[in-house]
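FYI, it's all coordinate maths here, none of it is from the lab. A quick note: this is a predicted structure, and the numbers were derived from the prediction, not measured. Reconstructed Cβ throughout: ideal geometry from the backbone, glycine too, with neighbour counts over all protein chains shown.
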Amino acid sequence: MFAILTYILGTGIAHYLGEQISGIVFWLGFTWLLLIQMAAYLLSGYYRPSNEPLIAGETNSARVRLRTVFLQLSAAFLTLVAALTVIMLRLRLVTPSSGVLLGFIFLLLMAYSIPPLRMANTGIGELIIAVLLADLIPGVAFLLQSDQFHRILSIVTFPLTMLAVAYLLALEFRTFASDLKYGRGTLLIRLTWPRAVILHHVLIIASYGLFVISPFFGFPWSVLWPVFLTIPLAGYQIILLRNIASGGKPIWPLLSVNGIAIFGLSVYLLTLSFWLH
């Protein structure tokens, strides 16, 4: 869902800057990105450590069958990614800048998913996903439509990346106990709970602070202002997490849904604003 939103956001920025949007480029790039993500996440499941169940109460034979399915599906998706890459190159739809970024996304997701690096549970995996969703995907979408980088892209994506890290970090509080049980080196465990709470708050506050000063760097206020409609949700998220850190009863579903809403609505409102202007 977030990949879809941020891809449309990147295309919307190109539209806002007066680029002629190519439908075939949009859909080929869109499909390429979704397929490579699905392949990467399936490979991550395939290489999950043996002490972590893929499904509750699984038997050894069920685990083997499921891992086989993961591997077969990931191979099929990677084959489609290769085919789409050839098509895009043959049609000359990939610019040098977008081609470099597509290659970087491929390498980054493979480093996230498979050995010897497999950064999924090293504390770096969350940062990879945040950068992918909020920075690289809109960047590719923009550069597929325009062969020149524009500063508005970075002005939008950098604070969104901070919100994405905060969102992913908030989700890990709910799974903290199981992450400790299975020895997952998540970002929350690497930071420890008190530092993670502080970082979560700082990231949220700093992201909106960057949006506040962005008009001084050429970001028009008429496009920017809708993102501030999510500030009440961000404030509530900080209160929720502060209460949990102080020993209050956790409301995990509310914390998760609110975290999703902060990032998702921020992206959606910015996307809508770019497409309407």
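Applying the Karplus relation 6.51 cos²θ - 1.76 cosθ + 1.60 with θ = phi - 60° to the stretch 244-252 yields 3J(HN,Hα) values of 5, 5, 8, x, x, 5, x, 10, 4 Hz, where x marks Gly and Pro.
Cβ crowding within 10 Å ranks Val257, Val131 as Val257, Val131, fewest other Cβ atoms first.
Could you work out the helix-only [θ] at 222 nm for the chain, with each DSSP H run of four or more residues adding -39,500 (n - 2.57) and the total divided by the number of residues, to the nearest 500 deg cm²/dmol?
-24500 deg cm²/dmol
Rounded to whole numbers, the Karplus 3J(HN,Hα) couplings from phi for the stretch 137-150 are 5, x, x, 5, 4, 5, 6, 5, 9, 9, 8, 10, 6, 10 Hz, using 6.51 cos²θ - 1.76 cosθ + 1.60 with θ = phi - 60°, and x at Gly and Pro. Under the convention that each Lys and Arg Cβ holds +1 and each Asp and Glu Cβ holds -1, the size of the dipole of the stretch 2-276 around its Cα centre is about 580 debye.
Phi-derived couplings, Karplus 6.51 cos²θ - 1.76 cosθ + 1.60 at θ = phi - 60°, listed residue by residue for the stretch 119-130: 7, 4, 10, 10, x, 9, x, 5, 5, 4, 5, 5 Hz, with x used for Gly and Pro. As a proxy for reagent exposure, Leu28, Leu132 were ordered by neighbouring Cβ count within 10 angstrom, fewest first; the result is Leu28, Leu132.
When you filter the trypsin sites (Lys or Arg not before Pro) in the stretch 27-112 for DSSP loop state and at most 12 other Cβ atoms inside 10 Å of their Cβ, you are left with Arg92.
Among Ile55, Ile262, Ile198, what is the fewest-to-most ranking by other Cβ atoms within 10 Å? Mind showing how you got there, number by number?
On the way: Ile55 8, Ile262 25, Ile198 12.
Exposure proxy ranking, most exposed first: Ile55, Ile198, Ile262.
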